[in-house]
Amino acid sequence: MSGQYITVRETAQILGVSEKKVMDLIEAGQLQAYRIADQFLRLKRNEVVQMRSSGQVASEQVQLEYTFAEKLEDFFYFNDFYIFSLFIILGLLYIIFFV
């Protein structure tokens with residue numbers, strides 16, 4: 001059941017189009033979207049796969065640029081524990097040797 005509903009991003013990857021194109025398809029009524037808890041927009045995986053196999057949507061070349069700012073943000077997001085630990089260790093070493 002967890003794989004039954006997919007996100008807009010996953011839909012875009014399956015169809016080979018941009019997320020904006022998926023939203024346009026939803027607004028045009030070509031794709032049925034469901035709101036979960038009035039917050040999350042989800043689509044049924046089998047409907048998306050069926051649309052892809054029927055050829056109703058022409059895939060486009062989507063090149064997502066991964067900017068330096070996004071790389072830096074991801075670095076700090078995934079390594080925040082290690083960075084915080086480093087500062088604590090350096091602070092303790094300073095206290096031990098210089099105080």
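Listed here are the residues, each with its yes/no results for (1) in contact with a Leu (Cβ under 8 Å, 6 or more places away or on another chain); (2) within 15 Å of Tyr5 (Cα to Cα); (3) in a helix (DSSP H, G or I).
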{"site": "Leu25", "(1), (2), (3)": "yes, no, yes"}
{"site": "Val57", "(1), (2), (3)": "yes, no, no"}
{"site": "Ala69", "(1), (2), (3)": "no, no, yes"}
{"site": "Phe78", "(1), (2), (3)": "no, no, yes"}
Search region 44-73 for residues being of a type in the set (Lys, Arg) and within 24 Å of Gln32 (Cα to Cα), and hand back the single one that is modelled with the lowest pLDDT. Arg52
Run down Ile14, Ile89 and say which single residue is among the hydrophobic types (A, V, I, L, M, F, W, C), modelled with pLDDT under 90 and not in a strand (DSSP E or B). Ile14
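The values are calculated or read from the model by the stated rules, or taken from the named source; none is laboratory data. As the structure is a computational prediction, the values presented were derived from the model and not from experiment. Positions of Cβ are backbone-derived with ideal geometry, glycine not excepted, and every protein chain shown enters the neighbour counts.
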